[in-house]
Amino acid sequence: MDHFQHRGGALFVEDVSVEAIAEAVGTPVYIYSRATLERHAAVFREGLSGVADKHIAYAVKANPNLAVLRVLAKAGYGADVVSGGEMARAVAAGMAPGDVVFSGVGKTRAELIQGLDTGIGQFNLELEEEGHVLAALAAERGLTAPAVLRVNPDVDAGTHAKISTGKAENKFGVAIGEAPGIFARLAGKPGIELRGIAVHIGSQLGDLAPLEAAYRRVGEMVATLRAAGHRITHVDLGGGLGVPYRPGETMPSPAAFGEMVARVTAGWNVRLMFEPGRVIAGNAGVLLTRVVWVKPSGGHPWVIVDAAMNDLARPALYDAYHDFVAVRPTGERLVANIAGPVCESGDTFAKAREINAVAAGDLAVFRTAGAYGATMASTYNSRAKVPEVLVDGARFAVVSDRIEPAAQMAGETVPDWL
Ligand SMILES: *Cc1c(COP(=O)(O)O)cnc(C)c1O
């Protein structure tokens, strides 16, 4: 069921007309569908029905809006966080601290202490030294920190280099072969219970084979660690499942992913943990924008929209494709470049793309913008921070305000010695 559909010629999100949101909130604006978030959460969980003992922690960095987190908390999801800020959001949104997993390659001492004080469920260690520091901080507080070690399995995830994390040259985790030594040195230390391993090889994965290869290496390491006398009770398999961005594109389904996981992990006898982000939020959101000008050029015309790279960074950052759909398609087609108003040539959403014909003043959406969209937004070029709206059936609410330049300036000071 797609909750972003044209009805009577105009685009709706669930039962709300996108034009009504533009009227009430202005553009650009992110719009999320609660029903879609819930459906994705349910489909991912059902895909893992062959895994008896599991914990699903939504990767907050994909979309950390409090209302989005609340939807997922109500769906029974925990959270995978990569900063103290995300930890605070997860708890504020109603997630139980014990359901929070703390990943992140550069956790500070203050953040480790925040995790201990919050009582989070698991620390995913990125290096040995972090384990020694965490153990000391926990022991000082009379606590034992539950932890797993993130290993780098050295597999090529086959995704964009900037979102690939499981190759030996990446900054994440420890080389998998170092795990036995690190376990030997951390096991039995007061303040820490090193109980398993974690892996996450990258994002927007369109093929299950690299994941399967990584999981097999993890399975071998579980056996090696057990043979050395360690108690391994948890394995965190990370996130990374891709979503279709282009019309007609197909991606491995959560069911296919779950079947592979059940097959590869049979007999591991651990609690499996998952950290899906994009697959939950990506196709649950669009970025609504208005066409400012259609500017003729020697080649294809430039469709200049009021959304820009500061609102949706993925095309500039990763050459990402976001489908562009008119809110009221006329049936005519146009081959055009699509760009925002920011003074960078990188502020281009599409080149020579065939799209619905649009004219100045028309509304359109960039689809698949629910993940790594608003959360990466900035105010570059002194633009307003883009607002976010959540639709639920026939109602909607602004769940993050537009922050205008005047409010941004209110947080700045010209020193009195100037
Ligand atoms: C980013 C991230 C995820 C989520 O990745 P998706 O591709 O959005 O599923 C999960 N785990 C870790 C450690 C991450 O850094």
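The table below lists the values:
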{"read-out": "Pick from region 277-309, criterion of a type outside the set (Gly, Ala, Ser) and touching an Asp or Glu at 6+ places or on another chain (Cβ under 8 Å), ranking: farthest from residue 39 (Cα to Cα)", "value": "292"}
{"read-out": "Residue satisfying all of: in region 262-273; in contact (Cβ under 8 Å) with a residue 40 or more places away in the chain and not in a helix (DSSP H, G or I); farthest from the ligand (Cβ to nearest atom) among these", "value": "268"}
{"read-out": "Condition broken by residue 155, with the remaining ones in (1) within 14 Å of the ligand (Cβ to nearest atom); (2) at pLDDT below 95; (3) open to solvent by less than 20 Å² (accessible area, probe 1.4 Å) satisfied", "value": "(1)"}
{"read-out": "Which numbered condition residue 164 misses (of (1) open to solvent by less than 10 Å² (accessible area, probe 1.4 Å); (2) within 16 Å of the ligand (Cβ to nearest atom))", "value": "(1)"}
{"read-out": "Region 131-152, subset surrounded by 23 or more Cβ atoms within 10 Å (Cβ to Cβ) and in a helix (DSSP H, G or I), residue farthest from the ligand (Cβ to nearest atom)", "value": "138"}
{"read-out": "Cβ pairs under 6 Å, 6+ apart, first in region 234-261 and within 15 Å of the ligand (Cβ to nearest atom), second among the hydroxyl-bearing types (Ser, Thr, Tyr) and open to solvent by less than 40 Å² (accessible area, probe 1.4 Å)", "value": "240/203; 245/368"}
{"read-out": "Every residue from region 274-286 that is more than 10 Å from the ligand (Cβ to nearest atom), farther than 20 Å from residue 160 by Cβ and of a type outside the set (Gly, Ala, Ser)", "value": "286"}
{"read-out": "Strands (runs of 3 or more DSSP E) contained entirely in region 11-125, each with at least 2 residues that are within 27 Å of residue 261 (Cβ to Cβ)", "value": "54-59, 78-81, 100-102, 122-125"}
{"read-out": "Close pairs from region 136-149: first of a type in the set (A, V, I, L, M, F, W, C), partner surrounded by 18 or more Cβ atoms within 10 Å (Cβ to Cβ) and in a loop (DSSP other than H, G, I, E, B), Cβ under 6 Å, at least 6 apart", "value": "138/191; 139/191"}
{"read-out": "Matching option when the condition is away from the ligand (no atom under 13 Å from the Cβ), at pLDDT below 95 and open to solvent by 20 Å² or more (accessible area, probe 1.4 Å), among 188, 119", "value": "188"}
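Results for (1) crowded, with 17+ Cβ neighbours inside 10 Å; (2) closer than 30 Å to residue 36 by Cβ; (3) among the charged types (D, E, K, R); (4) assigned by TED's automatic domain parsing to the domain that holds residue 55, shown as yes or no for each residue.
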site: 183; (1), (2), (3), (4): yes, no, no, yes
site: 199; (1), (2), (3), (4): yes, yes, no, yes
site: 214; (1), (2), (3), (4): yes, yes, no, yes
site: 218; (1), (2), (3), (4): yes, no, no, yes
site: 229; (1), (2), (3), (4): no, no, no, yes
site: 239; (1), (2), (3), (4): yes, yes, no, yes
site: 246; (1), (2), (3), (4): no, yes, yes, yes
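The values are calculated or read from the model by the stated rules, or taken from the named source; none is laboratory data. Bear in mind that the values here come from a model prediction, so they are computed numbers and not experimental data. A quick note on method: Cβ atoms are made from the backbone with ideal geometry, for glycine too, and the neighbour counts reach across all protein chains shown. Heads up: the accessible areas ignore ligands, DNA and RNA and are worked out on the full protein's heavy atoms, side chains in. Shrake-Rupley method; radii C 1.70, N 1.55, O 1.52, S 1.80 Å.
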